[in-house]
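Before any comments, here is the structure.
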Amino acid sequence: MKTGVILARFQPIHNGHLALIKQAVDENEQVLIIIGSIDKLSQRNPIPWTIRKEMVEQTIDDNFLVPGNKEKIKVVELPDLTDESDNSHDWGFYLYSFIVTQTKEPGFTIYYSDGYETITSWFPGFLLRNCVSLSLMARNMCVEGISATQVREKILNGTLTAEDVPECVYEKREMLKAFIKVFE
């Protein structure tokens, strides 16, 4: 079974994430969306994972109405093994075993928008050659290079527009602003 995987913090989900999800859904029979860093609250991770998961699931509900597409998608959460700077093979094995446990498939494609050197450092060569494929959607090619950092800045300064993010994020911008302000 062809499997696509998206690992992101979704702090919050934005249209760049949505473009990755759409690509993965179009190209795979199953898609695993992993909400990472669920055990962290900080300036970089101000939104609790439960709210992030709710927004990811609402975005999927709102955007994948074609019969069969929504059923392909599974949303799960994953705590970090150590801290976010851990790009070791320990992290890669942890992530790989988690994905295989969730999908029941030894091979999959990870969809991402930046950090090729980082992602390839996670996995030893034999996994990259035999099990883990990578599909890059360059950040500057999807939704004008938007990032969650920029979205959080726009939320704080009141310049977020409905075109920047999925509808559910735009609707919750004041609540998200309160979480972001805690770590200012």
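For residues that are assigned to a helix (DSSP H, G or I) and among the polar types (S, T, N, Q), scanning just the range 8-32, find the one that is nearest to the chain's Cα centre (by Cα). Looking at the filtered set, the residue picked out is ASN15. Output the qualifying pairs, or none if there are none: Cβ atoms under 8 angstrom, residues six or more apart or on different chains, first residue in the range 104-131 and among the β-branched types (Val, Ile, Thr), second residue assigned to a helix (DSSP H, G or I). Taking only residues 6 or more apart or on different chains, the pairs are THR109/ALA24; THR109/GLU27; ILE110/ILE119; THR120/LEU128. Could you list, in sequence order, the residues of the range 150-164 that are in a helix (DSSP H, G or I) and open to solvent by less than 70 Å² (accessible area, probe 1.4 Å)? VAL151, ARG152, LYS154, ILE155, LEU156, listed by residue number. State which residue is farthest from THR50 (Cα to Cα) when the search covers only the range 165-174 and only residues that are touching a residue at least 12 places away in the same chain (Cβ under 8 Å) and part of a helix (DSSP H, G or I). Restricting to residues being touching a residue at least 12 places away in the same chain (Cβ under 8 Å) and part of a helix (DSSP H, G or I), the top hit is GLU167. If the condition is being modelled with pLDDT under 95 and either open to solvent by 70 Å² or more (accessible area, probe 1.4 Å) or of a type in the set (Lys, Arg) (or both), then the range 63-79 contributes LEU65, VAL66, PRO67, LYS70, GLU71, LYS72. Once the range 80-122 is narrowed to residues that are of a type in the set (Ser, Thr, Tyr), part of a helix (DSSP H, G or I) and touching a strand residue (DSSP E or B) at 6+ places or on another chain (Cβ under 8 Å), the residue that is surrounded by the fewest Cβ atoms within 10 Å (Cβ to Cβ) is TYR116.
The values are calculated or read from the model by the stated rules, or taken from the named source; none is laboratory data. This structure is a prediction, so every number in the text was calculated from the model and none was measured. Virtual Cβ from ideal backbone geometry, glycine too; neighbours counted across all protein chains shown. Areas reflect the complete protein model, heavy atoms only, side chains present, ligands, DNA and RNA absent. Shrake-Rupley method; radii C 1.70, N 1.55, O 1.52, S 1.80 Å.
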